[in-house]
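Undergrad: Right, I'll just put the structure down here and ask away after.
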Amino acid sequence: MSEKKLKTLLIYPPFFASVESEGYVSAGAPLGITMLGAALLEAGLEVELLDAFIEGFGNSSPIDGSAQMRRVSKGFCKRNKLGEPFNEGFYTFGLSFDEIKEEIRRRKPDIVGVSVIFSSIYPAGRHIARLAKEVDEGIITVVGGNHSTAVPGDVLAEEFVDYAVLGEGEKSFVELVKCLSEGQHAKAGRLPGIASRDFSGKTVVNPQELIPDLDALPFPAFDLLPIEKHFSVSAEGRTIKLMTSRGCTFDCCFCTVPGNSQRRFRARSPEDVLAEIDLYVEKYQIEGIMFEDDNMTLNQERARKIFQMLGERDYGLKLFARNFRADLFDLDMLKLMKRAGFETIWITPESGNQDVLLNLIGKNFNLKDVDRSVELIKEAGLRPAAAFVIGIPGETRSNIDDTIRYAWKLKRDGVKEFWISIATPIVGTRMYADSVKMGLVSGMDLERFSYQEAGITTDSFKGEEIAELRKSLMAELNDYKN
């Protein structure tokens with residue numbers, strides 16, 4: 001069978017916001033499309049990347065009026081400031097859709113893959129797939145990320161989406177491109193981790209197979225992005241994202257990771273992690289690393305070795321990470337983290353009520369672990385920070401008051417920074433399934449989806465009340481001046 005070498009264009013969507021939005025947006029180079037790009041290059045396939053946010057950084061343009069594209073999310077990572085006030089009405093931040101369409105036309109891809117890492121940006125990914133078909137109906141469109149993993153059938157209900165990738169794409173997406181290059185469309189529809197429509201139009205979903213050996217994967221292809229532009233606009237400067245492991249064995253109700261990772265934890269060797277860091281120090285002169293692991297310290301021995309090796313390198317890097325469980329580190333590890341370059345340690349108590357923590361969230365640790373961890377973090381010379389979630393289905397107003405009191409206790413104990421999230425029923429989470437059963441939601445309103453607005457109202461609280469409470473707590477606990 002003759003083979004045609006197909007060209008793939010991987011697109012990371014722009015951000016969207018309304019005049020009501022307040023916050024910041026992450027300018028870090030995206031991991032998803034750079035990891036897929038590296039896998040395609042390793043397989044000898046042609047690929048280009050388009051980061052539609054960073055390529056148009058500083059641009060703000062009114063949405064073209066289509067109702068479905070007015071806003072994707074108002075929830076922004078708070079560290080990376082846009083630097084300009086939001087304009088009146090709804091705006092895009094990054095390339096406009098007309099510019100994205102022109103990029104697709106100019107680059108002439110055979111395949112357009114769109115990265116939808118969160119459900120909040122699915123409307124953007126869906127619209128980009130539609131634009132690709134408007135440029136050329138023969139372009140094969142693929143959507144990947146958390147949303148397509150959770151509801152591949154919904155994604156493929158869009159006639160302009162040809163394939164959905166479930167979970168990790170470094171193997172399945174590469175195999176998909178190979179099959180399409182060989183004209184083996186029937187075989188492509190049977191690949192593990194690929195969802196498609198068969199010749200009758202029926203959706204066929206093939207379960208994903210997790211990649212067992214993460215050390216075998218190539219390092220992300222940051223060279224395919226304007227990486228210097230990322231560095232120049234990021235509040236953290238020359239900081240790069242990096243994952244040392246994937247998955248988590250726990251089952252927190254609001255998290256998509258348990259479903260996507262099948263509650264399995266897989267980790268890279270410390271040697272492989274340090275080889276990647278060594279490369280970035282030499283090649284990009286990085287000054288910091290943002291670890292994007294789901295649960296970096298789950299294997300504590302491995303984590304200690306990574307931190308120890310980093311400290312011994314003495315690169316002077318600033319290290320950032322999220323999602324540290326309060327019961328998965330000790331003083332010795334914290335001292336290694338301090339030497340390696342951490343300044344702040346974020347812990348995730350989530351609630352100040354033990355019953356909510358155990359029976360609603362499923363966090364499965366004791367608040368005494370949190371108290372202990374705060375003291376250990378301070379003893380190691382590090383800065384403690386804490387994250388909470390309010391508005392969980394089944395939570396009472398009294399439970400939320402417990403969380404507020406506990407947050408203030410931690411502030412008195414020396415916690416320096418707080419992040420309050422609103423419980424959001426996202427498809428693919430246990431919370432979403434429970435919310436549907438309880439009649440609190442009948443689906444996700446993706447056109448108005450936001451991580452800063454409460455999506456549910458229960459007998460115990462109203463969504464608007466939770467949103468206002470979050471806003472006041474963020475200001476008071478963090479000592480915002482205005």
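FYI, it's all coordinate maths here, none of it is from the lab. Values in this document were obtained by computation on a predicted structure and should not be read as measured data. Cβ sites come from the backbone with ideal geometry, for glycine too, and all protein chains shown count toward neighbours.
Undergrad: Going highest first, how would you order 373-385, 264-276 by mean Cβ packing within 10 Å?
TA: 373-385, 264-276
Undergrad: Let me ask something additional. Quote the relative contact order of the chain in percent (integer), defining contacts as alpha-carbon pairs under 8 Å separated by 6+ residues. The partial results should precede the final answer.
TA: Details: 986 pairs, mean separation 62.8, N = 482.
So the answer I get is 13 percent.
Undergrad: Still on this structure: By the scheme Lys and Arg +1, Asp and Glu -1, what is the net charge of all other residues having a beta-carbon under 15 Å from that of residue 203?
TA: Taking every Cβ under 15 Å from that of residue 203, the sum is -2.
Undergrad: How big is the gap, in Å, between the Cα center of the stretch 278-324 and the Cα center of the stretch 386-402?
TA: Taking the Cα centre of each part, the stretch 278-324 and the stretch 386-402 sit 33 Å apart.
Undergrad: Where q = 0.06, 0.07, 0.08 Å⁻¹, what log10 of I(q)/I(0) comes from the Debye formula for the chain, counting one point per Cα?
TA: -0.26, -0.36, -0.48
Undergrad: Calculated from DSSP H runs of 4 or more alone, at -39500 (n - 2.57) each and per residue, what is the 222 nm mean residue ellipticity of the chain, nearest 500?
TA: So the helix-based figure for the chain works out to -10000 deg cm²/dmol.
Undergrad: Among 403, 381, 467, flag the residue with its Cα farthest along the positive direction of the charge dipole of the stretch 214-477, charges on Cβ as +1 for Lys/Arg and -1 for Asp/Glu.
TA: 381
Undergrad: Also, I was wondering about something else. Considering only Cα-Cα distances, which of the following residue pairs are longer than 28 Å: 241/409; 229/305; 133/202; 4/101; 178/305; 305/471? The partial results should precede the final answer.
TA: Values: 241/409 33 Å; 229/305 33 Å; 133/202 20 Å; 4/101 24 Å; 178/305 38 Å; 305/471 39 Å.
Beyond 28 Å: 241/409; 229/305; 178/305; 305/471.
Undergrad: A further question on this structure: Amide H of residue 140: which non-local residues (sequence gap of 5 or more, or other chain) have their own amide H closer than 5 Å, using H built in the peptide plane?
TA: Amide H neighbours of residue 140, under 5 Å, 5+ apart: 111, 112.
Undergrad: Provide the convex hull volume over Cα atoms per residue for the stretch 214-477, in Å³.
TA: Values: hull volume 36.7 nm³, N = 264.
Hull volume over Cα atoms, normalised by residue count, gives 139 Å³.
Undergrad: Counting other beta carbons within 10 Å of each residue's own, what order do 415, 161 fall into, fewest first? Mind showing how you got there, number by number?
TA: Details: 415 22, 161 26.
Taking fewest neighbouring Cβ atoms as first place, the list is 415, 161.
Undergrad: Which net charge results for the neighbourhood of residue 381, defined as the other residues with beta-carbon distances under 12 angstrom from its beta-carbon, given Lys and Arg at +1 and Asp and Glu at -1?
TA: Here the count lands on +3.
Undergrad: Against the longest alpha carbon principal axis of the chain, how many degrees, from 0 to 90 and to the nearest 10, is the axis of helix 397-413 turned?
TA: Taking Cα atoms only, the helix is inclined about 70 degrees.
Undergrad: Suppose every Lys and Arg Cβ carries +1 and every Asp and Glu Cβ carries -1, with no other charges. What dipole size does the chain come out with about its Cα centre, to the nearest 20 debye?
TA: 480 debye
Undergrad: Would you pull out the residues with amide H under 5 Å of residue 241's amide H, same chain only if 5 or more places away, H placed 1.01 Å from N?
TA: 29, 290
Undergrad: What residues have an amide H closer than 5 Å to that of residue 315, excluding those fewer than 5 places away on the same chain, when H is modeled at 1.01 Å from N in the peptide plane?
TA: Under 5 Å from the amide H of residue 315: no residue qualifies.
Undergrad: Around residue 274, what is the net charge, scoring Lys/Arg as +1 and Asp/Glu as -1 over all other residues with Cβ under 11 Å from its Cβ?
TA: For residues surrounding residue 274, the net value is -2.
Undergrad: Roughly what angle does helix 300-313 make with the longest principal axis of the chain, taking Cα atoms, 0 to 90 degrees, to the nearest 10?
TA: 90 degrees
Undergrad: Rounded, prolate or oblate: which one fits the stretch 195-300, using the alpha carbon gyration tensor with axes a ≥ b ≥ c (rounded when a/c is under 1.5, else prolate when a/b beats b/c, else oblate)?
TA: prolate
Undergrad: Within the stretch 334-356, find all residues whose amide N lies under 17 Å from a label point positioned 7 Å from the Cα of residue 322 along Cα-to-beta-carbon.
TA: The answer is 344-351.
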